[in-house]
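Asker: The structure follows.
The values are calculated or read from the model by the stated rules, or taken from the named source; none is laboratory data. Just so it is clear, the structure is predicted and the values come from calculations on it, not from any experiment. In this analysis, Cβ positions are derived from the backbone assuming ideal geometry, glycine residues included, and neighbour counts consider all displayed protein chains.
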């Protein structure tokens with residue numbers, strides 16, 4: 001997207017987006033996924049009804065694209081440990097069963113479409129590789145949690 005709109009308007013729209021919407025999200029991974037979902041997959045144009053009504057469609061589009069690139073950079077710079085924490089937070093924020101979400105992410109790799117358009121191929125591949133590693137670690141932790149929960153419930157059963 002060319003930066004053709006008034007920089008002040010785009011910055012104001014981005015600030016509005018950060019305050020009203022993105023601040024409610026607990027991680028950069030969640031923000032990146034959300035912002036990617038505001039982009040039309042056929043045209044690459046971002047759209048947010050609230051921002052478009054307060055500013056204009058073009059200003060909203062540029063603000064969304066800028067925030068999307070910012071969130072991507074934050075996720076890209078995250079350590080694997082931090083990415084696992086962000087993934088856990090994201091999983092908890094969805095209405096999907098955690099293991100179902102992980103299975104879908106492993107098979108469909110939807111995080112690939114959450115990468116901003118125009119991203120360097122190496123950076124996109126690096127992020128996707130890190131997400132795969134974080135998924136594997138998160139899934140392994142779930143197996144451990146599951147066993148600990150089963151052990152705890154067995155200890156709570158009354159003796160006969």
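Asker: What are the residues in the stretch 19-76 that are within 13 Å of the chain's Cα centre (by Cα), in a helix (DSSP H, G or I) and in contact (Cβ under 8 Å) with a residue 60 or more places away in the chain, if any?
Answerer: The answer is 29, 30, 32, 33, 35, 36, 37.
Asker: Give the number of residues within the stretch 108-123 that are more than 19 Å from residue 30 (Cβ to Cβ) and modelled with pLDDT under 95. Give the derivation first.
Answerer: Residues of the stretch 108-123 more than 19 Å from residue 30 (Cβ to Cβ): 117-118, 120-123.
Retained after the next criterion (residues that are modelled with pLDDT under 95): 117-118.
Selection size over the stretch 108-123: 2.
Asker: Let me ask something else. Which of the residues that make up the stretch 114-124 are over 10 Å from residue 32 (Cα atoms), in a helix (DSSP H, G or I) and in contact (Cβ under 8 Å) with a residue 24 or more places away in the chain? Outline the logic, then answer.
Answerer: Taking the stretch 114-124 and keeping what is over 10 Å from residue 32 (Cα atoms), we get 117-124.
Those still in the list that are in a helix (DSSP H, G or I) too: 121-124.
Residue satisfying the conditions is 123 alone.
Asker: Pick from the stretch 87-109 the residues that are under 21 Å from residue 35 (Cα atoms) and free of Cβ contacts under 8 Å to residues at least 12 places away in the same chain: which of them is surrounded by the fewest Cβ atoms within 10 Å (Cβ to Cβ)?
Answerer: The qualifying residue surrounded by the fewest Cβ atoms within 10 Å (Cβ to Cβ) is 95.
Asker: Also, I was wondering about something else. Is it true that some residue in the stretch 148-160 is at pLDDT 95 or above, over 14 Å from residue 31 (Cβ atoms) and exposed (fewer than 10 other Cβ atoms within 10 Å of the Cβ)? Break it down stepwise before answering.
Answerer: In the first step, residues of the stretch 148-160 are kept if they are at pLDDT 95 or above; the result is none.
Among the residues of the stretch 148-160, not one is at pLDDT 95 or above, over 14 Å from residue 31 (Cβ atoms) and exposed (fewer than 10 other Cβ atoms within 10 Å of the Cβ), which makes the answer no.
Asker: Something else now. Criterion first (in a loop (DSSP other than H, G, I, E, B) and either over 21 Å from residue 126 (Cα atoms) or in contact with a strand residue (DSSP E or B) (Cβ under 8 Å, 6 or more places away or on another chain) (or both)) does residue 96 satisfy it? So that I can check it myself, show each step before the final result.
Answerer: Numbers: in a loop (DSSP other than H, G, I, E, B): yes; either over 21 Å from residue 126 (Cα atoms) or in contact with a strand residue (DSSP E or B) (Cβ under 8 Å, 6 or more places away or on another chain) (or both): yes.
Yes: the conditions hold for residue 96.
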